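FYI, it's all coordinate maths here, none of it is from the lab. Values in this document were obtained by computation on a predicted structure and should not be read as measured data. Neighbour counts run over all protein chains shown; Cβ positions are idealised from the backbone, glycine included.
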Number of protein chains: 2
Amino acid sequence: MTSRAPSGSTPFRRSSGGAGCPGRLTRVLSQQQVPGAVAEVLQDFFCATSTALDEISPVVTRAGTALEEFVLGGGKRLRPLFVHAGWQCAVSAADRPATAPAPPVSEPLVVRVGAAIELIQACALIHDDILDRSDTRRGNPTVHRRFEAEHDESAWAGDSAHHGSSVAILVGDLALAWADDLVHGHVPVPDAPVPAVLPPAAGALWSRMRTEVLGGQLLDITNEVSADESVDAAYRVMEYKTAAYTVARPLEIGAALGDSSPELSAALRRIGTGLGLAFQLRDDLLGAVGDPEQTGKPSGDDLTAGKRTVLVALALAGSDPATADTLRGLLGRNLSAAELATARGILTESGALAEVERQIDDHLTAALAEISGLDVSATARDDLAALAHRIAHRQA
Amino acid sequence: MTSRAPSGSTPFRRSSGGAGCPGRLTRVLSQQQVPGAVAEVLQDFFCATSTALDEISPVVTRAGTALEEFVLGGGKRLRPLFVHAGWQCAVSAADRPATAPAPPVSEPLVVRVGAAIELIQACALIHDDILDRSDTRRGNPTVHRRFEAEHDESAWAGDSAHHGSSVAILVGDLALAWADDLVHGHVPVPDAPVPAVLPPAAGALWSRMRTEVLGGQLLDITNEVSADESVDAAYRVMEYKTAAYTVARPLEIGAALGDSSPELSAALRRIGTGLGLAFQLRDDLLGAVGDPEQTGKPSGDDLTAGKRTVLVALALAGSDPATADTLRGLLGRNLSAAELATARGILTESGALAEVERQIDDHLTAALAEISGLDVSATARDDLAALAHRIAHRQA
């Protein structure tokens, strides 16, 4: 673990264990340590909630276990990493007046807010999987399929698919409610620091982020059924469903937790929006031409699912009418290897693949330039730049 | 409006307009005024959230409007009334030490927390209606049917029923997220008082209540498919899905907002649990033998829906095997007038109807006795007793 106390702050580690001076600990979690700290907070939280579930019924305990396994079983913890990166920028910022109080919110709350976004993400994925009728997630059955299987195996009455979806709706709801409980410290966790109160600026962003991801998802499913295949529509979904929710808002929330100046918050929002778009554009590419060995998803998953991505919108817009029709006919159904090759050929020949790569590059370049100009600690800049490269160039 | 300042408190009205002394207003909302104050808070909140929705897309604004119409279009505001009643008990309690600080939380927060439970309730109903495949709610199409119809009318692609459910899942999620935003004041409402922070005891109960209603609902759907028709199973669902969520927890939350003593909180919890059970038992009766003119629901709704209520469980347990089989065969499907009469005959002859009436009476009597012994203001006692009579004897 590296020692890198941003000037003017008194952050402290969540788990004691180092030789810190009580009341004035100076260590900060390194970027590499954030995912582990987030998992630890989540584990403690699930343990603390189990009392309420056990009291009701073993049926409810089982649902809680399904949620716990889902949340702890995977995920890159990208959103918590961006919360932490935003906070690190704010507490090390040069425009922090010398007379400014120490950052009002300490690192444990930063980690806790990051962990809470993982619960939002669990709700989003569990409910999305119902909407998309997905069978697997991270190599396991989706939550609704898991409870559909329980229904089948138990030879229960009624429609097992409907039962599976019903349970998954409620499990997602539990995750969404618990995200707020975690942020606000409503479930006392033994040995955890006394929860700090979320500053109003962070609370307002927390609200916006949740509204935006749900709104973006609503827009996405409506665009899909209304067959809006315009590039504009795909961009709009990307902006709210992914860019704001995955990068921009987490960065901004972190900055607000670090009592950031309005100028720094605005810069981080610009950086976050660009990187969020790069993240989703890379996702579009991986979903169409990614290596299943690396992504863990079937080859051409987005094409067979018929997702209206920017990549597909650009390919449709960049093809002659007959070719566009061919592509349309290959979306939203199972494809043979030959059909998949045809679809990918159109993505290439229309120039869409190259265009998306170019856009990713542009977003990354612009973000890196703005990051390098931030007047924050070198560590804060380096960490944010590392995250930028990582999400723009990821293979999975 | 009556003037009834509980001793030791400085509550104040949400909307100024009276001749109050700023900083030391002494008026309290009467019980009759609570639903109106709750509706006003909700209206202001929906107005304040519209900016975020409009920015994303008119599609999302439409979903927000559907939620607003759902929340403002009906409901008896029972839960806010119990929050307010619990708070009124706490702030007027005789066991409040003379040296106790003024109640830390003022009436506007009490109303706001009550209004937020109405948003939880919106999520619970919207999602329950998907689970129960219900077509109407409060005389209008359910939210999933509303968006299914939009899909049909627009001649969109894909399965309109799946689309309707998908939108309703997201609209319910929005309500659940917004409940927390409202409680914590994350969405700034113009002209509203600066949000007070929820005291930890109230936050812990807020968390419990949400977990319990979701857990109770999970247990309910699992009992249904696993055909657990025991009286015990039906009671357990009732305890968590209704009694705690509708009465006991709101009363306790109100008490916590009024800085209640542990003794008073415990008494209110006992009172609330009994009244909550009476509420649901009355619901069982209305759902089986209620007057459709008064309930606004089809005659024998719970029977055709196949709900495993305590009433049905008692009737099955109190009938000979052949009669019980006849009743089982009449549950969960559309019934002719003659079949409905047969089912109701079994409910009567098994003694179940009379037993449920007796239990309601017992719960009400015990609650009223404990209420009359509470050492709180006469107004607080009278208001709570009036609510007790109301929910035990309601016709709708």
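Worth a mention:
- Residue among A:Gly300, A:Gly290, A:Gly139 with the largest mean-square fluctuation in a Gaussian network model of chain A, springs linking Cα atoms under 10 Å: A:Gly139
- Inter-chain Cβ neighbour count for B:145-152, averaged per residue, equals 1 (cutoff 10 Å, partner chain atoms only).
- Cα-based reach from A:Lys307 at 14 Å (exclusive), listing aspartates and glutamates while leaving out same-chain residues under 8 positions away: A:Asp128, A:Asp129, A:Asp132, A:Asp220, A:Glu224, A:Asp228, A:Glu229, A:Asp283, A:Asp284
- The value for the protein assembly as shown of Rg(Cα) / (2.2 N^0.38 Å) is 0.99.
- Length-normalised contact order for chain B - Cα pairs under 8 Å, 6+ apart - percent: 18 percent
- Look at the stretch A:237-248: the mean tally of other chain Cβ atoms within 10 Å of its residues' Cβ atoms is 1.
- Sparse-neighbourhood loop sites, GluC sites (Glu not before Pro) in region A:234-305 - DSSP loop, at most 13 other Cβ within 10 angstrom: none
- Restricting region B:134-195 to GluC sites (Glu not before Pro) in coil, as DSSP defines it, with at most 10 other Cβ within 10 Å: none
- Comparing B:Val60, B:Val113, B:Val247 in a Gaussian network model of chain B (Cα springs below 10 Å), the most mobile by mean-square fluctuation is B:Val60.
- The lysines whose alpha-carbon is closer than 20 Å to the alpha-carbon of A:Lys76, local same-chain residues fewer than 8 away aside, are A:Lys241, A:Lys297.
- Protection proxy ranking of A:265-274, A:356-365 - average other beta-carbon atoms within 10 Å, highest first: A:265-274, A:356-365
- Kirkwood-type radius of chain B, with distances r between different C-alpha atoms, in Å: 22.3 Å
- Peptide A:157-169 has a mean shielding of 5, counted as Cβ atoms of other protein chains within 10 Å of each residue's Cβ.
- P(r) for region B:151-248, from all Cα pairs and a bin width of 10 Å, is 13, 26, 28, 23, 9, 0 %, short bins first.
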